[in-house]
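Laboratory data are not the source of any read-out in this text; all were calculated from the coordinates shown. This is a predicted model, so every value here is computed, not measured. When we count neighbours, we look across all protein chains shown, and the Cβ atoms used for this are built from the backbone with ideal geometry, even at glycine.
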Amino acid sequence: MINARVIVTLKNGVLDPQGKAIEGALAGLGFDGISGARQGKVFDLKLDTDDHEKARADAAAMCEKLLANMVIEDYTVELS
């Protein structure tokens, strides 16, 4: 069994209104000096294999087919 964490974020240059809202909310709570906040998604998956290469390839295929919008999002896969 391999645990995979998939992190999906907006590509650089893609407008992130939720990130801007987070910046404003943090400033309103008294946290100064924050800029460039970006939001994303995290998926934790348990893959029934012991082959790290297969697990990474399967997780990447999942991202490209469902978990990420490849037009505006990037993803990273971390295995443990």
Q. Given springs between every Cα pair under 10 Å in a Gaussian network model of the chain, which of ALA68, ALA60, ALA37 has the largest fluctuation?
A. ALA37
Q: Identify which of ASP32, ASP44, ASP16 has the largest mean-square fluctuation in a Gaussian network model of the chain, with springs joining Cα atoms closer than 10 Å.
A: ASP32
**Q.** Theoretical ellipticity at 222 nm over the chain - DSSP helices of four or more residues, -39500 (n - 2.57) apiece, nearest 500
**A.** -9000 deg cm²/dmol
Q | Order of LYS20, LYS11, LYS46 under a 10 Å beta carbon neighbour criterion, fewest first | A | LYS46, LYS11, LYS20
Q. Which of VAL71, VAL14, VAL42 comes first, and how do the rest follow, when ranked by fewest Cβ neighbours within 10 Å?
A. VAL71, VAL42, VAL14
(Q) Test of understanding: in a Gaussian network model of the chain with alpha carbons linked when under 10 Å, which of LEU29, LEU66, LEU47 would top the mean-square fluctuation ranking? (A) LEU29
Q.
Working only with C-alpha atoms, what are the Rg and Dmax values of the stretch 2-79, expressed in angstrom?
A. 15.7, 47
Q) Helix 17-28 sits at what angle to the longest principal axis of the chain, using alpha carbons and giving 0 to 90 degrees rounded to 10? A) 50
Q. Which angle from 0 to 90°, rounded to the nearest 10, does the C-alpha axis of helix 52-62 make with the longest principal axis of the chain?
A. 60
Q) Can you give the extra length, in nm with one decimal, that the chain gains between THR76 and LEU26 once fully stretched, where that is 0.36 nm per residue apart less the Cα-Cα distance? A) 15.4 nm
